[in-house]
Structure formats: C-alpha cells, structure tokens
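The structure under discussion appears below in the form of structure tokens.
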Amino acid sequence: MRPDDALAPVLAFERVTRWYGHVVALMDVSFEVGREVVGLVGQNGVGKSTLMKLAAGLLRPSQGQVRVCGRDATTRAARSEVGYCPDFEALPEGCSGAHYVTNLLRYHGHGARSAAERARAVLQELGLGQHLDRSIGEYSKGMRQRVRLAQALAHEPRFVLLDEPMTGLDPVARSELAVTIRALPARGIGVLVSSHVLHELESVVDRVVLVHQGRLLASGRIGELRRLVPELPQRVRLVAARQRELAACLLQLPQVVAVNLTDRDQELQVTVQQPREFLRELTRLGASGSFVIEAVQMMDDNLASVFGHLVG
Amino acid sequence: MTSAPQPPGVLGTAWLTAAQTLQAVVRVRRVVTLLLLVLGYAAVTFLLGNRAKEGMDLRVLYCTLAWWLVGTAILPFASMYFGVQAVHGDIEDRTSCYLFVRPIDRTGLLLGKWAAAAVLAVVTTCLTTAAPFFALAAQPGGWGDGVDMAALRTFVLAFALGAVAYVSVAVLFGALFRRPLVWSALFVVGLQMVTGNLPVSAGLRRLTITDPMRRLVLDGIEPDQRLTQLLWPAERRIGFDQIGQPVCDLLVLTCVTLLLAIWRYRRAEYDSRARD
C-alpha cells in the first residue's frame, strides 16, 4: 500500500441514481468509504442491496459513477479489489468449502496449489479448520456464512462488501464475526456492512450511512449524527440517593421534559432536550454537594434511536 | 519479491470454467446411472434385433432407431438440458454472483460453460448412438451386407455436430430467458420435431438443427428408397443434389447462436432480486 493510498477512498459513490424500469431504487447518492468499517443502515426495500450490488459491479448505475479504488466498479481491475458477501445463503451444495473457495481463487490468477493453500488458510482463520473437506450441503448456517465470508476475503481485496452478514447467526458466531470485521481495517481493508441488527452494527462500525426510500439520509459517526438532531428528546438514566428530591429539583431545569421514577432503588429516568446543557447543569448540581449522583447513562445515544427519529 | 497473481484471460477463464463445471457435474453416481441406462438400452436393442432380424435388415433397424430415438429425442433434449443448466443453473440458484464479481471476462465464463455442456452432450450422444450399434453388430447374420461401420461413423459425426449446435442454442436460451427449459422444450418440439420434418420444399426447415443433421446422415449412409422414407417420411424424392453443405450450416448456426449468447451474457445484469 502506498502512503497516499491510505487516505484515498476505496469506494466512492458520485451522485448515483439507479432505476429498475420506472421504479427508482437509489436517487442521487454520494458518499465515500476509506479504510474503515462503514455501516449501511435502512429498512427493507430502501435500496441497500442495490447499493451493495452497484459497489460490487454487479449492477450499473443509471446515472452517476461508482468507483472502487479510483476505477469504475464494473471494470475487471476494480473487481479484483472487491470482496462481496451477498445477503443470501446460496452456495453450491456438492463440493467442500475448501474446494469451492479454491475454485474461486483460481479466477484471481492463483495456481492450483497456491489457491488451495490460501483457501484452507482463510477458512481455518475463520474457524472452519475442522470442516474444510466436508460437503457444503452438510454445513450449518453459520458455517455457510463463514464460507461466504472466506470467498470474499481469500483474494486479499482492498474493499469488502458484507450484505447482512449477521443474519441467521447464533450470538457466539455474531460476536466472532464482529471481531473479524473490526480487524479488517488494520489490514488495509475498507468495509461496507449492512445489517438490520442496529445495536450489533453499532459495535462494529466507525461510521454509518443511513438510507431511506432510495436517498441518502445522513452519514457520519453515530455521535455526530446524534448531534445533528438536537431537537430529539433523549432519555438519561441516573442513579442517585434521594431520588424523589432529585426528581423535583431536575424538573426545575429548562432542558428537562419529564422525570420517571423507576422500580429500581435509587434510579430515575429523565427525558431531556439539549443533553449537553443538561449534563452541564447536572455536573453543577453534583458539585454543589446537594446530591450524590452515582451513575449517568445516555440511553438514546445509539444508532437505533437516531435512525428511528430520522425516518419517523 | 513475488508479483501479484494475474487473473486469467478469456481462454484461461474458459478452460478453468469448463474444468470446474465438468468436475461439479461428473459424479460417480451419475456416471454409473448413465452407463446403466446405456447398457439397458443396448440390451433392449439386442432383443429387438434378435426378433426383427428375420424380416428386416439390421442396418435399417439401427439407422431408424438411431435417427428417431437418439437424433430427434435423446440428443436434443439432453443437449438442451446440459446447455441450459450450465449457463442458467447458477443464475437460478444465485451462485453466479460469486463468479460475476471476479476479475474475469464473462466471455470466458460462457465459453467454458458451453464447452463443458458440449462435452457432456457429445459423450452422452456418442454412447447412446454406439451402444445399439454394437448390440446389433453382435448379430452379424442380420446385416445384409455385413456390419456397416460407416453408418456408425456417420451417425456419431452428425449427432456430435448436432449436439454442439443444440448446446449453443441452449446456452443462448439460458442467457436470454428466465424460463429457458420451457423455451427449450418449445424449440425442440415445435421447431425440431415438427418444422424439421417438413419436406424439402418447405424452406423453413433450413432454420432447424434437425435438417442439416439429417442431410449429413443421408449423405453418409446412402440409404435406399425404403430407408430414406423411414428417415424422412414427408419427403419421398430426396435428391443428392439437395444435400447442400450440412456441416457448414451447423457450424454457422453454432457460431451465430454462440455469439448472440456471449453478447447477451456480457451485458445482462442478472439481478437476483429482480428475478424474484
């Protein structure tokens, strides 16, 4: 990797529009992905998979340009830099995982032996070491997912597209996959990952791109996005002694919309506008010695609440 | 320092694809099943020959069986099935996307699949053409002028060329249609079985694969009046000046359909979601 490559985007959507006949799947979408993990968030049917396929070079944009490592995504040169893990389970049933990944690696110019060695190494790294030569037809859902991931990573691409990679995985497999995805940028690989499981995506991504009805709604770090919507009321969980007195005191603050006493001892939930100002006031209150506040937790500073607010 | 591997060109891709497709299709169980079917077919032909040899020249029986059973039924259906499955099978089960994201030209992919399907079709056709021949050749007394090896050569050549042409059409259908097997059935029944058997005066039959294949057979086996009528009931007075250039016709048809298939396969997006 050249030093200037580190900063160059591995994926760039430039005013991309895509129609299916008269149906607009994506409209004027522009964003970039560097060597980082970017989450693609949106409801079903808003154009996430279309966007993924455009990035993989499987579809052509009706307008605009999709570039991978500076090249048109549909060119052979761009495709050699991309790894694509689709959102469906399909894999050939008759051959083993190692054999299938080996076969696909041959199309990247690997000889038979080096392709086989590389395929086995990648599958082993992904935890399929014990099942390399078993038929894919006998694999579990999680094992199939690893084969799909292996075929996307085996040729050492600079950019990986993961379309709903967590779907159908058990919690352990999800957490292992999250660790694998998180490790990719350190190897110089940019990642665009889509998922419905927002809280899991949140733990994996550096940035998110929110898509709604074919349009790019917002993009950035989750905290940045949260600040883009200051009018969104936010819930804050507080643990403090004398919770009733504290609740009465908090209700005097202009930022506080509501205070709820919870069933748990010493806990209350405060709904606030302008959370920064509220936290400043809360700090002042704690410093004055009137109340001992043991814990503060921002409950809505997450992707799901931002997304929910933005799409209504 | 080792250089990064370079993706294969069109021919390299075609070679890899053909090898991988054959590897995926040829399984011990399938080969054994095919061989058992061929042996069964040979056994039935042997019994048929044994009963018919008193009243019929076994050469005539072989030519009739080979043409009507293999040439107009087994060959077209098997070839079309192999061709369609090679190209459309992975589009249908969506595994084609793993190939389409590789840094290779789709021309090579299609040529490889075509080659693999053609090999399968030719092998199947040759087996089903040769098995009854040897079953009948085991009864040399029934052959009027002795066992006619030239007839076997003629049928094998004509059917092999026909199989390749059928596979090319199937590959085009696989690249073009969402329901290629339905179109293939219509093509075989409507165009090959009906139109292909029209008399010489019907120019439309020249668009079929059956017609040049039969002209090649008639040219090779030099049939008498009776056998001619058995092979082409609609045409009673075929003249050898009407044989034309059947090999050339088959090659032109193969090339044109293959080029159209490549053109379509390279351009199409085969979006799995749109197909749902």
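Structure notes:
- Taken as a whole, the structure leaves B:Thr64 outside the set of residues that are within 11 Å of another protein chain (Cβ to nearest Cβ), in contact with a helix residue (DSSP H, G or I) (Cβ under 6 Å, 6 or more places away or on another chain) and not aliphatic (A, V, I, L, M).
For (1) within 25 Å of the chain's Cα centre (by Cα); (2) open to solvent by less than 20 Å² (accessible area, probe 1.4 Å); (3) within 13 Å of chain A (Cβ to nearest Cβ), each residue gets a yes or a no:
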position: B:Thr17; (1), (2), (3): yes, yes, yes
position: B:Gln23; (1), (2), (3): yes, no, yes
position: B:Leu37; (1), (2), (3): yes, no, no
position: B:Phe82; (1), (2), (3): yes, no, no
position: B:His88; (1), (2), (3): yes, yes, no
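- The condition (being in a strand (DSSP E or B) and within 28 Å of A:Leu225 (Cβ to Cβ)) is satisfied by just one residue among A:Leu59, A:Leu40, A:Leu51: A:Leu40.
- Qualifying residue in region B:90-112 (condition: over 27 Å from A:Thr50 (Cα atoms) and open to solvent by less than 10 Å² (accessible area, probe 1.4 Å)): yes
- Filtered by the rule that a residue be among the hydroxyl-bearing types (Ser, Thr, Tyr), assigned to a helix (DSSP H, G or I) and free of Cβ contacts under 8 Å to residues at least 24 places away in the same chain, region A:82-123 gives A:Thr102, A:Ser114.
Yes/no per residue for (1) among the acidic types (Asp, Glu); (2) more than 30 Å from B:Gly141 (Cβ to Cβ); (3) in contact with a helix residue (DSSP H, G or I) (Cβ under 6 Å, 6 or more places away or on another chain):
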| residue | (1), (2), (3) |
| --- | --- |
| B:Thr17 | no, yes, yes |
| B:Leu75 | no, no, yes |
| B:Phe82 | no, yes, yes |
| B:Thr95 | no, yes, no |
| B:Gly108 | no, yes, yes |
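- Listed by position, the strands (runs of 3 or more DSSP E) inside region A:255-306 whose residues that are open to solvent by 60 Å² or more (accessible area, probe 1.4 Å) number at least 2 are A:256-261, A:293-298.
- Enumeration of residues in region A:124-163 that are within 26 Å of A:Gly39 (Cβ to Cβ), open to solvent by less than 20 Å² (accessible area, probe 1.4 Å) and not in a strand (DSSP E or B): A:Leu128, A:Gly142, A:Gln145, A:Val147, A:Arg148, A:Leu149, A:Ala150, A:Gln151, A:Ala152, A:Leu153, A:Ala154, A:Pro157
The values are calculated or read from the model by the stated rules, or taken from the named source; none is laboratory data. Model, not experiment: these values are computed from the prediction. Cβ coordinates were reconstructed from backbone atoms using ideal geometry, including for glycine residues, and neighbour counts include every protein chain displayed. The accessibility values were calculated without ligands, DNA or RNA, using every heavy atom of the protein model including side chains. Shrake-Rupley method; radii C 1.70, N 1.55, O 1.52, S 1.80 Å.
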